[in-house]
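One structure is given below, encoded as structure tokens.
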Amino acid sequence: MHSVEEVQKMSVVAPATGEVIAEIEETPVHEVPFFYQEARKAFGTWSTLAISERTGYLRKLKQLMVDEMDEIAKIISDDTGKVLTESIVADIMPTLDAIDHIINHAEKVLSRQKVKTPLLLIGKKSFVEYMPRGVVLVISPWNYPLQLAMVPMISALAGGNSVILKPSEVTPLVGKCIEDLFQRSGFPEGTVQVAHGGKEVGAAFTSGKPDYIFFTGSVRTGKIIQQQAAKDLIPTTLELGGKDPMIVFEDANLDRAVKAATWGAFTNSGQVCMSAERLYVQRSIYGKFLEKLKKEVDSLQLGNDIDSDVGSMTFPAQKDVVREQLDEALKQGAKLVTGLKPSDWKEDMFLPLTVITEVEQNMKIIQEESFGPLLPVVPFDTEEEAIAYANGTVYGLNASVWTQDKAKSRRVASKLVSGAVVINDVLITVANHGLPFGGTKESGIGRYHSEAGLRIFCHEKAIMEDMGFMKSEIQWYPYKGKYPLFLNLFKSYFAEKRDWLTFAKNYIALLKSNK
Ligand code: ADP
């Protein structure tokens with residue numbers, strides 16, 4: 001499509017080692033219309049396939065991913081710096097599980113559903129049909145570059161849409177890997193296309209009039225995309241940031257809570273939108289908790305070999321965000337429980353795992369996403385106070401509540417303004433594909449996973465069927481003489497105790513008045 005001199009290349013730097021490991025060709029912006037043209041052409045055929053035929057392709061994709069699991073895990077780890085165990089557990093497994101879920105549920109969720117028809121519309125039948133939207137644009141981030149791209153892609157594909165993916169330029173190797181996986185699974189030409197490049201490429205595709213935009217990334221970019229989408233009235237799903245609270249009451253299983261906080265805060269080096277990002281611990285156990293937490297955190301192994309616990313940061317600019325937040329907090333009196341002050345950090349992308357106390361609710365470290373291995377711990381006294389702290393940011397993606405009192409855990413969970421709440425565990429709602437996933441407040445708009453995740457990519461079409469035998473309907477013209485009959489009909493029908501006799505008399509009179 002393009003001449004050689006026009007091709008821009010992106011260097012892929014492995015964050016864990018700093019080495020350039022590949023070069024990926026950027027998609028020239030002038031090719032955007034061609035992508036849409038191809039996608040629309042492919043949609044014409046793909047949308048007419050039976051759902052079982054479409055899921056047949058997903059089966060091939062799944063098999064290929066199972067066969068090449070180890071190779072894919074290595075690509076993810078090279079590109080992101082995350083440890084291999086996390087590539088397989090938190091990126092590949094959820095993608096495979098989502099494929100399975102979609103294979104098992106798409107037919108039922110997307111096929112025509114019968115809906116009850118009210119008595120006033122006697123003689124008709126009602127249905128909902130799910131009609132694919134067209135071309136779905138998926139724009140994905142770098143923290144879980146496989147699953148956050150592939151899960152919306154496969155959901156949209158199952159619904160009969162063609163898909164254009166613009167993966168994050170921070171992890172282009174995974175973007176290339178996704179392109180390759182779809183290609184080798186034999187999806188018909190143009191059904192899945194991957195465009196490589198940065199925000200200019202993303203912006204060009206956003207304004208190329210897709211039929212739906214599924215975006216995962218920062219709040220800032222989400223707002224830009226929503227503005228562009230509004231101009232063209234394009235529906236969107238926005239999966240944005242989080243600053244997720246973990247609340248530990250004094251009756252919690254302390255050892256488990258300590259391990260969960262450690263994993264929840266430091267998995268993927270804290271570059272998770274739904275991790276444990278603010279820890280609230282009841283004052284009576286605060287000291288003991290901190291002591292155990294420090295020990296647990298200090299036992300973790302940083303590195304990029306097969307047995308390491310915590311890998312490197314992925315995106316160099318993210319180090320600056322973490323540095324700024326930590327510097328500000330320390331300057332304002334916060335204390336390190338473990339970790340180093342930023343001036344003592346090494347040059348590489350491995351950040352020390354940091355736990356800090358003496359932080360205030362209004363500090364950036366509490367209010368803004370850190371997306372790094374930084375865990376502020378705050379004591380609280382009462383249930384109400386913990387809930388107020390937890391709800392006190394602009395985000396609301398996930399939360400976790402720790403107590404052995406079931407009633408209390410459910411009471412608190414129901415008061416948290418959050419897209420998901422986990423009780424006595426962290427993050428794990430995302431692993432059940434049957435549950436909806438998405439945020440409240442600035443954490444985003446819309447839901448995916450679950451039935452919603454398949455249906456958002458379809459127009460919900462209402463259908464009513466009439467056999468067409470009757471010459472007219474009671475509400476059609478002429479109106480002469482109908483008003484009092486309707487008055488009696490509706491009064492008898494909507495009365496607290498339905499008056500069937502009056503209803504039948506007036507209904508028959510209305511039918512007769514049509515002749
Ligand atoms: P993150 O730092 O979490 O990756 P970003 O919001 O910066 O969040 O990026 C998420 C995705 O959005 C990336 O694929 C990026 O290239 C893309 N992107 C960034 N800016 C824009 C934009 N203005 N329009 C469309 N896509 C964009």
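From helices alone, the chain scores -12500 deg cm²/dmol at 222 nm; the rule is -39500 (n - 2.57) for each run of n ≥ 4 DSSP H residues, then divide by the residue total. Helix 500-513 axis versus longest C-alpha principal axis of the chain: approximately 60°, rounded to the nearest ten.
The slack between T117 and A388, meaning 0.36 nm per residue of separation minus the straight C-alpha distance, is 93.1 nm. Axis of helix 483-494 versus longest Cα principal axis of the chain: the two differ by about 50°, to the nearest ten degrees. As a fraction of the 1.4 Å probe accessible area of segment 470-513, surface on carbon and sulfur atoms comes out at 66 percent. Here the contact order of segment 470-513, divided by its residue count and restricted to Cα pairs under 8 Å and six or more residues apart, works out to 42 percent. In plain terms, if you count all Cα to Cα distances in segment 1-132 and split them into 5 Å steps from zero, the share in each step is 2, 8, 10, 11, 11, 14, 15, 11, 6, 4, 3, 2, 2, 1, 0 percent.
Across the alpha-carbon set of segment 244-432, the Rg to Rh ratio works out to 0.94, Rh being the Kirkwood radius.
Net length available on complete extension from A230 to D305 is 22.4 nm, with 0.36 nm assigned per residue and the Cα-Cα distance removed.
Between 0 and 90 degrees, rounded to the nearest ten: what's the tilt of helix 93-110 against the longest Cα principal axis of the chain? Rounded to the nearest ten degrees, it is 0. The Rg/Rh ratio for the chain is 1.07, where Rg is the radius of gyration of the alpha carbons and Rh is the Kirkwood radius. How high is the FRET efficiency between D344 and S284 when r is their beta carbon distance and R₀ equals 35 Å, given to the nearest 0.05? According to the calculation, E is roughly 0.55. By DSSP, what percent of the beta bridges with both residues in segment 244-432 are antiparallel, rounded to the nearest 5? Just about 15 percent of them are antiparallel. Determine which residues of segment 318-351 fall in the zone a paramagnetic label at E360 would reach in this model, i.e. backbone nitrogen under 19 Å from the point 7 Å along Cα→Cβ. Answer for segment 318-351: 324-336. On segment 244-432, 50 percent of the accessible area sits on carbon and sulfur atoms, based on a 1.4 Å probe.
For segment 79-137, the Kirkwood radius over C-alpha pairs fed into Stokes-Einstein at 25 °C and 0.890 mPa s yields D = 158 µm² per second.
Ligands, DNA and RNA are left out, and with a 1.4 angstrom probe the accessible area of the chain is 46 Å² per residue. The ratio of the alpha-carbon radius of gyration of segment 107-185 to the globular-protein estimate 2.2 N^0.38 Å is 1.59. Distances between every pair of Cα atoms in segment 470-513, grouped in 5 Å steps from 0 to the bin holding the largest one, split as 5, 25, 32, 20, 12, 5, 1 percent.
The values are calculated or read from the model by the stated rules, or taken from the named source; none is laboratory data. Predicted, not measured: the structure shown is a model, and the values here were computed from it. Methodologically, a virtual Cβ is constructed for each residue, glycine included, from the backbone with ideal geometry; neighbour enumeration extends over all protein chains shown. These accessible areas exclude ligands, DNA and RNA; they are computed on the full protein's heavy atoms, side chains included. Shrake-Rupley method; radii C 1.70, N 1.55, O 1.52, S 1.80 Å.
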